[in-house]
1. Select from region 123-170 the residues that are over 18 Å from G102 (Cβ atoms), free of Cβ contacts under 8 Å to residues at least 12 places away in the same chain, small (G, A, S) and not in a loop (DSSP other than H, G, I, E, B) and list them in ascending order.
2. Inspect all residues belonging to region 37-60 and state whether any of them is among the acidic types (D, E) and within 17 Å of D163 (Cβ to Cβ).
3. Being touching a Gly at 6+ places or on another chain (Cβ under 9 Å) and either surrounded by 16 or more Cβ atoms within 10 Å (Cβ to Cβ) or in a helix (DSSP H, G or I) (or both) is the filter here, so list the residues in region 76-85 that pass it.
4. State which residue is surrounded by the most Cβ atoms within 10 Å (Cβ to Cβ) when the search covers only region 20-42 and only residues that are at pLDDT 95 or above and in a loop (DSSP other than H, G, I, E, B).
5. For region 96-119, give me the residue count where each residue is on the phi < 0 side of the Ramachandran plot, surrounded by 18 or more Cβ atoms within 10 Å (Cβ to Cβ) and not in a helix (DSSP H, G or I).
6. Going through R122, R104 one at a time, which residue ends up being under 21 Å from L35 (Cβ atoms) and modelled with pLDDT under 95?
7. Mind checking which residues of region 43-61 are open to solvent by 50 Å² or more (accessible area, probe 1.4 Å) and assigned to a strand (DSSP E or B)?
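The values are calculated or read from the model by the stated rules, or taken from the named source; none is laboratory data. Keep in mind that what you see is a predicted model, and the values were worked out from it rather than measured. As a convention, Cβ positions derive from the backbone with ideal geometry for all residues, glycine included, and neighbour counts pool all protein chains shown. To get the accessible areas, we keep the full protein, side chains included, count just its heavy atoms, and leave off ligands, DNA and RNA. Shrake-Rupley method; radii C 1.70, N 1.55, O 1.52, S 1.80 Å.
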Amino acid sequence: MRYPTVMMMALVAMASSGATVAAESSRSAPPAGRLQQALQERRMHYVAARAPGEEGRYLAAMLVGEGQLLVVSARYAQPALMNERLYRGDHEGVYRELNAAGERDGRLFVQDLGLPGLHATRKDGEPFDMIYEAVVKGTAFNGDWKAQKLSKDDYRDTYDAADVRYARALEALLVSLEDSTATTAKR
């Protein structure tokens, strides 16, 4: 009689842990991992691109250390200058310029510091991810929504929106990196 009870408890534990994993899934984790790996393989620290479908918006990422990504997405008032930097392959310049002079409205800055991609929670003592929207509105994805004066739903909504936006930016940066590699290979 004891065996079925233990078995039932194990099944409940597996089912609930599966629900937790599903709830914590990150859309940005796969492309973040791929971008980190691609940059490391190419021994690059920066990559930049135009945001697809958004005239005047640019994306740039910096790889720090063994796998931390800093990514910025912003509009730039003088697209011709930014396009020239991209044409020359000055990805570091694009990254620095977007951080310094990119427009505040609609800007997203992501500090992907732990595992690749955004994650809504973290393990004790582990680094956590952060986003800044329009330069001043920061959200730390450390699982402590109360300290940030957010409801649990607002915290989750902020995370979900940022994760989708970050995943799109990473995918565009990956395409740009692959395109620049293909262009270099043809020369």
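1. A147, A161, listed by residue number.
2. To start, the set of residues in region 37-60 that are among the acidic types (D, E) comprises 41, 54-55.
Now restrict to residues that are within 17 Å of D163 (Cβ to Cβ): none.
Within region 37-60, none of the residues are among the acidic types (D, E) and within 17 Å of D163 (Cβ to Cβ).
3. Y76, P79, M82, R85
4. Among residues in region 20-42 that are at pLDDT 95 or above and in a loop (DSSP other than H, G, I, E, B), the one surrounded by the most Cβ atoms within 10 Å (Cβ to Cβ) is S28.
5. Quick first cut of region 96-119, residues on the phi < 0 side of the Ramachandran plot only: 96-105, 107-116, 118-119.
From the residues that got through so far, the ones that are surrounded by 18 or more Cβ atoms within 10 Å (Cβ to Cβ) too are 97-98, 102, 107-114, 116, 118-119.
Cutting the leftovers down to not in a helix (DSSP H, G or I) gives us 102, 107-114, 116, 118-119.
Selection size over region 96-119: 12.
6. Numbers: R104 fails: under 21 Å from L35 (Cβ atoms).
From the options R122, R104, the qualifying one is R122.
7. Just the residues of region 43-61 that are open to solvent by 50 Å² or more (accessible area, probe 1.4 Å), to begin with: 43-45, 50, 52-55.
Within region 43-61, R50 is the sole residue that qualifies.
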